[in-house]
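Enquirer: Sending over a structure as structure tokens; questions will come in a sec.
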Amino acid sequence: MESTPGLGSKFSFKVKLEEELSFDSNTVSGLNHISLQVSHRQDVKLLIVDDEEFNQKALKIILKYSIKLDPEVKIDVANNGKEAVDLILNDINENECLSYPVILMDCNMPLLNGYEATRMIRKIIAEANKIQPLIIAVTSHTEHEFYE
């Protein structure tokens, strides 16, 4: 635990999971679709866009252990929507086809949220006449207003 008066506290801990993660049928279907999307190309990468390091790591664990994503598939991370758009622009300029067939996109991020980043990415890819990636919204809320 770290604590700074007037600024707040930071708690960290490790959890050892003994049971296998379980998901509903829609989630399993979506995860299997990701696996199929990224398994047929040699140069494929997957993009995680999230401003929280914990979420980035959790998504990597889910991809590795729940859908058994091929360890050869490179996972890139963008910390906000702007970084994601920049990665896509660079990728389009450097490659014949988009290297990211699947993007896991957080909805609420600083600088450029997931909704706007998705719109921009879709437009950029359409203008480059490339095949659109599967962009999956990944979000969670802890604020009381989202429970109602």
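The values are calculated or read from the model by the stated rules, or taken from the named source; none is laboratory data. Keep in mind it's a predicted model, so treat the numbers as computed, not measured. Cβ sites come from the backbone with ideal geometry, for glycine too, and all protein chains shown count toward neighbours.
Enquirer: State which residue is farthest from I124 (Cα to Cα) when the search covers only segment 51-87 and only residues that are among the aliphatic types (A, V, I, L, M) and in contact (Cβ under 8 Å) with a residue 40 or more places away in the chain.
Expert: Just the residues of segment 51-87 that are among the aliphatic types (A, V, I, L, M), to begin with: 58-59, 61-63, 67, 69, 73, 75, 77-78, 84-85, 87.
Okay, now just the ones that are also in contact (Cβ under 8 Å) with a residue 40 or more places away in the chain, so 59, 62, 87.
Values: L59: 26, I62: 29, L87: 12 Å.
The qualifying residue farthest from I124 (Cα to Cα) is I62.
Enquirer: Sticking with this structure for a sec: Check I88, I92, I62, I124 and return the single one that is at pLDDT below 90 and part of a helix (DSSP H, G or I).
Expert: Details: I88 fails: at pLDDT below 90; I92 fails: at pLDDT below 90; I124 fails: at pLDDT below 90.
Matching residue, one of I88, I92, I62, I124: I62.
Enquirer: Picking from D106, D76, which residue would you name as being within 19 Å of D50 (Cα to Cα) and buried (at least 17 other Cβ atoms within 10 Å of the Cβ)?
Expert: On the way: D76 fails: buried (at least 17 other Cβ atoms within 10 Å of the Cβ).
Result of the check over D106, D76: D106.
Enquirer: Taking the options A84, A58, name whichever one is on the phi < 0 side of the Ramachandran plot, touching a helix residue (DSSP H, G or I) at 6+ places or on another chain (Cβ under 7 Å) and aliphatic (A, V, I, L, M).
Expert: A84
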